[in-house]
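The values are calculated or read from the model by the stated rules, or taken from the named source; none is laboratory data. Everything quoted here is computed from the prediction, not taken from an experiment. Cβ placement follows ideal geometry from the backbone for every residue including glycine, while neighbour counts extend to all protein chains displayed.
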Amino acid sequence: MTSSWVPGPPGSPFPVTNLPYGVFVTADEQRPRIGVAIGEHVLDAAATAAAWRLPYAPALAAPTLNAFMACGPRVWRDFRERLTQGFTDAAQQRVLEPLLVPLAAAELRLAFGVGDYVDFYASEHHATNFGRILRPGQPPLHPNWKHLPVGYHGRAGTVRVSGTPVCRPQGQRLVEGADLPAVGPSVRLDFEAEVGFVVGAGSELGRPVDVEDFGEHVFGVCLLNDWSARDIQAWEYQPLGPLLGKSFLTSVSPWVVPLAALERARVPPPPRDPPVAAYLDDAGHPWSLDIELAVYLNGQPISRPPFRDMYWTAAQQLAHLTVNGASLRPGDLIASGTVSGALPDQFGSLMELSWGGTRPMRLADGSTRTFLEDGDDVVITATAPGLDGAPSGFGEVRGRVQ
């Protein structure tokens with residue numbers, strides 16, 4: 001196991017093989033700063049780059065990751081290699097130790113300015129469950145589902161960092177037995193456990209991004225909760241898709257784990273049948289990731305969705321997103337869609353866990369849930385195999401319903 005001179009507890013989610021990026025402030029310094037997490041500390045990245053006199057130090061002095069991400073993969077690799085060497089070389093301790101801030105003293109902010117936000121629908125288990133819940137007696141998957149990654153454009157302005165309160169949304173909803181919709185607060189508020197991919201290097205308008213170029217454009221991975229008002233969504237989504245049922249809030253974790261930290265987590269994707277179109281063919285470029293999510297409701301574990309089972313990978317989603325010539329820019333966010341496994345304790349939403357509200361889910365404390373109640377606290381965490389075999393973490397994405 002790779003060791004570092006930075007103190008940290010055994011089993012820390014942020015070992016030296018991880019080194020996720022975030023943005024933080026402290027009580028003494030309210031200026032947002034880019035930081036790199038290690039153990040129970042966060043390193044001031046701008047001060048580090050300045051001390052090392054790196055040519056891209058100004059990008060790391062920005063209040064978000066966007067300028068640094070725009071520098072491209074060569075710079076990402078260079079800084080990561082320098083950090084790894086610095087944290088494992090006792091000779092660098094004198095330089096870096098004064099630049100460490102205890103995580104307990106850091107207030108974490110949204111790490112990047114969100115450009116465009118696209119949410120996909122990539123889990124076959126999730127899509128099949130929804131089809132069976134919403135269209136009983138009919139084929140659960142629409143005819144196009146296994147031919148392309150289905151997705152929709154979300155609202156970038158309501159992507160917020162973990163801990164942002166979840167205000168129960170209002171909108172039109174059709175109450176059972178009524179002929180006309182009513183306007184009021186959602187009574188079927190749900191979470192969706194997802195994984196987000198943050199674009200670093202942009203692309204040219206009119207030039208698609210091939211699946212093999214995924215790593216040249218995507219900077220890293222975060223956790224994401226796509227809060228959903230199922231009753232508002234059900235009334236509005238036909239024929240154009242989600243709008244108010246999704247756009248009120250999307251929560252993301254404060255840490256972005258670099259793709260380079262997840263090389264050992266790469267696994268082959270599940271079999272695809274029928275064969276995919278040529279531009280989606282990822283043979284030889286597998287970007288399925290062995291990430292295991294965990295969902296907690298009011299501190300009680302309720303699900304462990306496996307990301308490795310996702311039918312469509314983020315590389316295919318990126319290729320599909322740009323096949324029409326759409327361009328990318330730093331800070332674009334691609335969400336995987338709800339992560340659900342084959343087993344009931346692997347479902348990534350209350351819609352599935354309570355089967356559309358028909359089977360109340362019993363919690364360990366004896367209470368039951370069909371959908372979220374006021375005061376409910378939802379936390380999503382995740383781990384993946386690290387570069388030296390020890391698990392690496394992603395932090396958490398949390399939200400409490402107001």
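THR338: among the β-branched types (Val, Ile, Thr), assigned to a loop (DSSP other than H, G, I, E, B), more than 18 Å from the chain's Cα centre (by Cα) and modelled with pLDDT of 95 or more, yes or no?
It is false that THR338 is among the β-branched types (Val, Ile, Thr), assigned to a loop (DSSP other than H, G, I, E, B), more than 18 Å from the chain's Cα centre (by Cα) and modelled with pLDDT of 95 or more.
The rows are residues; the columns are (1) over 22 Å from the mean Cα position of the chain (by Cα); (2) outside the structural domain of ALA91 (by TED's automatic domain parsing); (3) within 24 Å of LEU293 (Cβ to Cβ).
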residue: PRO7; (1), (2), (3): yes, yes, no
residue: ARG31; (1), (2), (3): yes, no, no
residue: VAL42; (1), (2), (3): no, no, yes
residue: THR48; (1), (2), (3): yes, no, no
residue: TRP52; (1), (2), (3): yes, no, no
residue: PRO55; (1), (2), (3): yes, no, no
residue: LEU60; (1), (2), (3): yes, no, no
residue: LEU65; (1), (2), (3): no, no, yes
Does segment 128-141 contain any residue that is touching a residue at least 60 places away in the same chain (Cβ under 8 Å) and either assigned to a strand (DSSP E or B) or at positive phi (or both)? no
Among the residues that make up segment 21-32, is at least one of them over 23 Å from THR381 (Cβ atoms), touching a strand residue (DSSP E or B) at 6+ places or on another chain (Cβ under 9 Å), crowded, with 19+ Cβ neighbours inside 10 Å and free of Cβ contacts under 8 Å to residues at least 40 places away in the same chain?
no
Cβ pairs under 8 Å, 6+ apart or interchain, first in segment 217-246 and at positive phi and at pLDDT below 95, second surrounded by fewer than 24 Cβ atoms within 10 Å (Cβ to Cβ) and not polar (S, T, N, Q), ordered by first then second residue, are GLY241/TYR152
Review point. Do we have GLY177 as in a loop (DSSP other than H, G, I, E, B), exposed (fewer than 14 other Cβ atoms within 10 Å of the Cβ) and among the small types (Gly, Ala, Ser) here?
Key: yes
Of the candidates GLY202, GLY241, GLY284, GLY206, the one satisfying the condition of being surrounded by 17 or more Cβ atoms within 10 Å (Cβ to Cβ) and among the small types (Gly, Ala, Ser) is GLY202
GLY157 vs (1) within 30 Å of GLN317 (Cα to Cα); (2) part of a loop (DSSP other than H, G, I, E, B); (3) of a type outside the set (Lys, Arg): all pass except (2)
From the option list GLU236, GLU263, single residue qualifying as out of contact with any Asp or Glu (no Cβ under 8 Å at 6 or more places or on another chain) and crowded, with 18+ Cβ neighbours inside 10 Å is GLU236
By residue number, the members of segment 377-389 that are surrounded by 18 or more Cβ atoms within 10 Å (Cβ to Cβ) and not polar (S, T, N, Q) are VAL378, VAL379, ILE380, ALA382, ALA384, PRO385, GLY386, LEU387
